[in-house]
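Here's the structure, in structure tokens; my notes come after.
The values are calculated or read from the model by the stated rules, or taken from the named source; none is laboratory data. The model shown is predicted, which means the values in this text are computed figures rather than measured ones. When we count neighbours, we look across all protein chains shown, and the Cβ atoms used for this are built from the backbone with ideal geometry, even at glycine. Just so you know, the surface numbers come from the protein's heavy atoms only, side chains and all, with ligands and any DNA or RNA stripped out. Shrake-Rupley method; radii C 1.70, N 1.55, O 1.52, S 1.80 Å.
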4 protein chains.
Amino acid sequence: MGKGRLEAFSDGVMAIIITIMVLELRVPHGSNVEAIRPLLPSFLCYALSFIYVGIYWNNHHHLLQTAERISGGVLWANLNLLFWLSLFPFATGWMGENHFESLPSAMYGFVLLMAAIAYYVLQRCIIAADGPRSVLERALGADWKGKLSPFFYVVAIATSFVVHWVAQALYVIVALLWLVPDRRIERAVGSD
Amino acid sequence: MGKGRLEAFSDGVMAIIITIMVLELRVPHGSNVEAIRPLLPSFLCYALSFIYVGIYWNNHHHLLQTAERISGGVLWANLNLLFWLSLFPFATGWMGENHFESLPSAMYGFVLLMAAIAYYVLQRCIIAADGPRSVLERALGADWKGKLSPFFYVVAIATSFVVHWVAQALYVIVALLWLVPDRRIERAVGSD
Amino acid sequence: MGKGRLEAFSDGVMAIIITIMVLELRVPHGSNVEAIRPLLPSFLCYALSFIYVGIYWNNHHHLLQTAERISGGVLWANLNLLFWLSLFPFATGWMGENHFESLPSAMYGFVLLMAAIAYYVLQRCIIAADGPRSVLERALGADWKGKLSPFFYVVAIATSFVVHWVAQALYVIVALLWLVPDRRIERAVGSD
Amino acid sequence: MGKGRLEAFSDGVMAIIITIMVLELRVPHGSNVEAIRPLLPSFLCYALSFIYVGIYWNNHHHLLQTAERISGGVLWANLNLLFWLSLFPFATGWMGENHFESLPSAMYGFVLLMAAIAYYVLQRCIIAADGPRSVLERALGADWKGKLSPFFYVVAIATSFVVHWVAQALYVIVALLWLVPDRRIERAVGSD
């Protein structure tokens with residue numbers, strides 16, 4: 001089955017998610033500094049979520065390069081990932097509009113956590129479909145980033161209810177961790 | 001005529017439909033549990049519709065793999081399917097906002113029914129374009145899922161006005177039926 | 001230059017236009033028949049515009065198949081067409097919300113007219129880029145549909161201010177005229 | 001790594017940006033001339049931004065044609081460009097709704113400036129990835145348009161606070177400058 005069409009559909013969904021998030025930045029009615037100052041938290045949330053969706057697109061890109069077979073399980077694991085990514089605009093908008101309060105901040109972490117788990121499941125499905133000589137399995141190695149991120153998200157969710165800016169700091173730190181592209185896979189696939 | 005471009009356009013439309021549905025989950029103004037509790041029905045409807053569009057994308061994917069010729073009739077049958085799918089966000093939003101009341105629930109079933117009929121017509125158009133040795137025709141076999149679903153939708157529409165949760169249960173059951181990918185076609189096309 | 005990328009971008013824009021039009025069908029707050037009855041004109045406008053964008057996508061598809069060279073002029077003529085198509089959601093929403101009144105109805109015709117002119121200009125640019133042996137030129141022949149439609153739109157715009165339902169009837173008639181796919185081009189390109 | 005998927009994702013994002021900008025043209029409730037007259041500035045802003053995104057798409061298209069290697073740096077430089085382009089709908093909507101007042105006009109120039117810088121960085125990353133014999137480096141030559149535009153934007157931002165229509169005139173002038181496609185690259189790549 002066509003890997004190309006799975007990539008095209010995922011690219012389409014991620015392109016739309018990354019773009020409609022900006023619709024939560026509502027155009028203010030006034031034209032002075034006071035009119036846009038309340039939008040600053042929303043803008044920061046938007047920028048953070050843009051980076052996260054960018055990271056997912058980037059890694060998804062690498063991930064599917066290694067996939068040799070697309071089974072029905074891979075298709076649904078991929079849709080599951082897209083489902084959680086599709087909640088980013090909502091979680092981003094809610095955290096931004098409420099200036100990083102506890103519950104919206106925890107909810108943002110929850111959506112990040114579910115997306116991370118969905119990504120992990122997708123990896124496992126691709127490895128299972130590819131069989132014992134999976135390129136991806138060798139490429140992943142210890143996958144410490146993939147294992148550390150959910151742990152950070154859980155800590156951030158819990159922290160949201162105590163000191164919420166620590167939670168936000170954790171979200172930024174995890175994003176920075178991932179900004180470095182996944183060289184393991186690049187190396188395993190070899191020269192482009 | 002290019003099957004690729006038909007797939008790309010359909011993928012684009014389905015990717016947008018699956019993503020803009022989330023815009024019906026309006027970001028609430030408050031930041032506590034009370035603020036998001038009313039969104040729960042909308043969220044459940046969103047998740048159900050996401051699965052339905054996922055199923056359609058998945059099966060559409062298999063369907064076009066078997067198509068050998070894209071006639072004008074196939075193009076319009078495909079646009080007809082996309083038209084009914086494009087009403088999913090409206091039907092989903094209406095059912096979610098009204099907590100599964102009778103008329104919105106029946107309307108949701110009606111849109112599902114029309115999409116199922118449009119899918120059936122598309123199958124017939126592809127078989128007609130491919131001629132007597134159509135791969136699709138052999139692959140479909142008895143097509144009991146395709147024949148059972150509209151029947152379930154009609155029952156659900158009628159039931160909506162009596163006990164609406166039975167209708168919702170039927171929508172979930174049909175989705176579960178289809179979650180299993182269409183192995184008949186996979187088998188007929190052979191190894192990927 | 002890549003014809004593929006021009007097609008992909010145009011497909012993307014048309015897929016988004018055809019889908020966001022449905023956002024003008026605002027989810028009503030009530031759940032009874034009275035709540036959705038006012039949406040009927042909007043729904044009819046949506047269906048008509050869906051058919052129009054479908055026709056443009058379909059014909060655009062055929063048009064680019066014949067194009068052999070994509071010059072800078074073709075790129076901009078294509079963007080000009082997409083610009084006018086992108087105003088369909090606005091024109092559709094305005095006509096639908098105002099129950100087919102005079103000015104919105106004339107505006108709808110104006111957008112249709114500008115899109116038709118933009119399509120004609122795109123045809124001319126492709127023929128100019130392809131040179132004297134253009135496949136498209138031979139394929140178009142007399143192009144009576146392309147010449148008749150703008151005339152109908154002008155009549156409809158004028159009629160909008162007198163008896164607006166005649167204008168709407170003309171929009172439907174032109175759509176029906178075009179629903180038949182452009183067999184001239186299919187024939188000239190030969191077997192698919 | 002696949003240049004194709006980078007192009008597809010960028011095309012998707014740019015197609016969505018160019019299309020959702022039209023959502024800022026809110027459908028008015030009235031149906032007479034008075035109802036749409038206030039939308040004229042928004043419409044003009046939309047048309048200008050449509051041309052700008054069209055220019056970026058067009059030039060991006062040429063730019064990636066010359067790229068021979070897609071490094072991690074190119075991926076992120078591209079996402080950075082898409083981020084600034086994604087703010088066009090907001091900046092366009094704000095300037096349009098406030099009839100070209102000072103701050104919204106300066107903000108529009110700021111987004112244009114950041115996008116221009118992001119485009120320049122993307123060019124540099126592609127040249128760095130391609131190495132000393134980069135086709136793009138030779139093709140760019142003096143790149144006077146790329147160097148002049150940011151200067152114009154800075155002047156326009158400053159002018160916004162004095163005579164704002166001069167700023168708007170500058171935005172239009174830069175757009176006109178770029179409307180001419182980048183023949184340098186076309187020439188360097190040779191016949192298509």
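In nanometers and ordered shortest first, the copy-to-copy spacing of the C:E34 label point, defined 7 Å from Cα toward Cβ, is 3.0, 3.0, 4.2.
With Cα atoms defining each centre, the range B:107-124 and the range B:25-49 are spaced 28 Å apart in the structure.
Inter-copy label distances for D:G2: 1.2, 1.2, 1.6 nm (label point placed 7 Å from Cα along Cα→Cβ; shortest first). Here B:K3 is the anchor, and the lysines within straight C-alpha reach of less than 29 Å, apart from those fewer than 8 places off in the same chain, are A:K3, B:K145, B:K147, C:K3, C:K145, D:K3. Computed over chain C with a Gaussian network model linking Cα atoms closer than 10 Å, the most mobile of C:A118, C:A35, C:A91 is C:A35. With the gyration tensor restricted to C-alpha atoms of the protein assembly as shown, the semi-axes of the equivalent ellipsoid amount to 34, 34, 30 Å, longest first. Entry comment: accessible area of chain A is 38 Å² per residue, from protein heavy atoms only and a probe of 1.4 Å.
Could you look at the range D:62-125 and say what percent of its accessible area is carbon and sulfur, using a 1.4 Å probe and all protein chains? Solvent-exposed carbon and sulfur of the range D:62-125 make up 66 percent of the total.
For chain B, the longest principal axis of the alpha carbon atoms and the long axis of helix B:72-86 meet at an angle near 10°. With each label modelled as a point 7 angstrom along the Cα→C-beta vector, the A:R26-A:V155 pair spans 3.6 nm. Each copy carries C:L148; placing its label point 7 Å along the C-beta direction from Cα gives inter-copy distances of 4.9, 4.9, 6.9 nm, listed from smallest up. Mind checking the angle between helix B:3-20 and chain B's longest principal axis? C-alpha axes, 0 to 90 degrees, to the nearest 10. Approximately 10 degrees, to the nearest ten. For a test of the definition: using alpha carbon positions, the gyration tensor, and the 1.5 limit on a/c, classify chain C as rounded, prolate or oblate. Prolate, because a/c is 1.5 or more and a/b exceeds b/c. For the pair C and D, the buried accessible area comes to roughly 3000 Å² in total, with a 1.4 Å probe and the value rounded to the nearest 100. A Förster radius of 41 Å, combined with the Cβ-Cβ distance separating B:A35 from A:A47, puts the computed FRET efficiency at roughly 0.95. Against the main long axis of the alpha-carbon atoms of chain D, helix D:40-66 sits at an angle near 0°.
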